[in-house]
Amino acid sequence: TLSLFKLIVKSIMSRKLVSICLIASLGISTMLLIGIQKVSYSAKHSFSHSLSGTDLIVGSRAGDIQLLLYTIFRIGQPVANMSWTSVKELKAIPTIKWVVPMSLGDSHRGYPVLGTTDAYFDYYQYGRKRHLHLDQGRIFSQPFEAVLGSDVAGSFHYNLADSIHLSHGIAKENLSIHDANPFKIVGILKPTGTPVDQTVHIPLEGMTALHSTNPANLTPTSVT
């Protein structure tokens, strides 16, 4: 056995460059494998951590993945609108416990704006069924009031009673700004580690008023 070991060592030493390259390639491959597994686990954990306690996401006809990514993770392009009549029909179904309307499509300095109702703060859960909690202020009660996620407030050093303007669309540049309708910051949420932190929450009535339409045009509704 000792002679075999010495023979192996001599063989490696006689091919130093090849041996070093082989060892380096094995090390890099192992690191890449571990890195990919870690990224995969982190992505899976992030997805499962962002929403809990919800059994169903309802929207107009679109791809399931597209609907999930846009409504929960604010990723991708807007899906088709859903009528307010359909929302009322969903509420009338006896097996549905609650309905939270969600309207997306506008932004504030690169951060998405979500139009919803106060039921969002009552029913939205993340992680192990943890509820949203305010760090400062209160939930909106008037059309032109806003509740900010922690990242939005921290990025621009916003405080309660500050006013912000929203932009039409979700691109970061060349957007038309709704100058006529500033929103007053009335609340700032505690960090959650989810897309909620990067969202500006406004009343559904405020979203409707910005676009001068009735609530007939809504994007996906989260239902459980």
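Among 108-118, 58-68, 190-200, how do they line up by average Cβ neighbours within 10 Å per residue, starting with the highest?
108-118, 190-200, 58-68
Let me have the 222 nm mean residue ellipticity of the chain computed from DSSP H runs of 4+ only, each contributing -39500 (n - 2.57), with the sum over all residues rounded to the nearest 500. Please list the in-between numbers first.
Working: 7 runs with 86 residues, N = 224.
Here the helix-only value at 222 nm equals -12000 deg cm²/dmol.
Give me the 1.4 Å probe accessible area per residue for the chain, excluding ligands and nucleic acids, in Å².
Details: 13280 Å² over 224 residues.
Result: 59 Å² of accessible area for each residue.
Taking loop as defined by DSSP and a crowding limit of 14 other beta carbons within 10 Å, which chymotrypsin sites (Phe, Trp or Tyr not before Pro) in the stretch 63-134 fit?
Working: sites: Tyr70, Phe73, Trp84, Trp98, Tyr120, Phe121, Tyr123, Tyr124, Tyr126; in loops: Trp98, Tyr124.
When the chymotrypsin sites (Phe, Trp or Tyr not before Pro) of the stretch 63-134 are filtered for loop state and at most 14 Cβ neighbours within 10 Å, Trp98 remain.
What is the gain in length, in nm to one decimal, between Ile65 and Lys91 on full extension, counting 0.36 nm per residue of separation less the C-alpha to C-alpha distance?
Numbers: separation 26, 0.36 × 26 = 9.36 nm, distance 2.38 nm.
Result for the pair: 7.0 nm of gain on full extension.
Select one label from [x] 182; [y] 204; [z] 124: the one whose number is volume of the Cα convex hull per residue in Å³ as derived from the coordinates shown.
Here the calculated entry is [y].
Averaging sequence separations of C-alpha pairs under 8 Å and six or more residues apart, then dividing by the length of the stretch 1-101, give the relative contact order as a whole percent.
Averaging sequence separation for qualifying contacts and normalising by length gives 13 percent for the stretch 1-101.
At a Förster distance of 30 Å, what's the computed FRET efficiency of Leu33 paired with Ser163, Cβ-Cβ distance as r, to 0.05?
Efficiency at R0 = 30 Å is approximately 0.05.
How do Ile164, Ile34 rank by accessible surface area computed with a 1.4 Å probe, from largest to smallest? Mind dumping the intermediate values first?
Values: Ile164 5, Ile34 100 Å².
Order by accessible area, largest first: Ile34, Ile164.
The values are calculated or read from the model by the stated rules, or taken from the named source; none is laboratory data. Fair warning: this is a prediction, and the values are worked out from it, not measured in the lab. Don't worry about glycine lacking a Cβ; one is built from the backbone with ideal geometry, like all the others, and counts go over all protein chains shown. The protein model used for the area step is the full one, side chains on, heavy atoms only, and it has no ligands, DNA or RNA in it. Shrake-Rupley method; radii C 1.70, N 1.55, O 1.52, S 1.80 Å.
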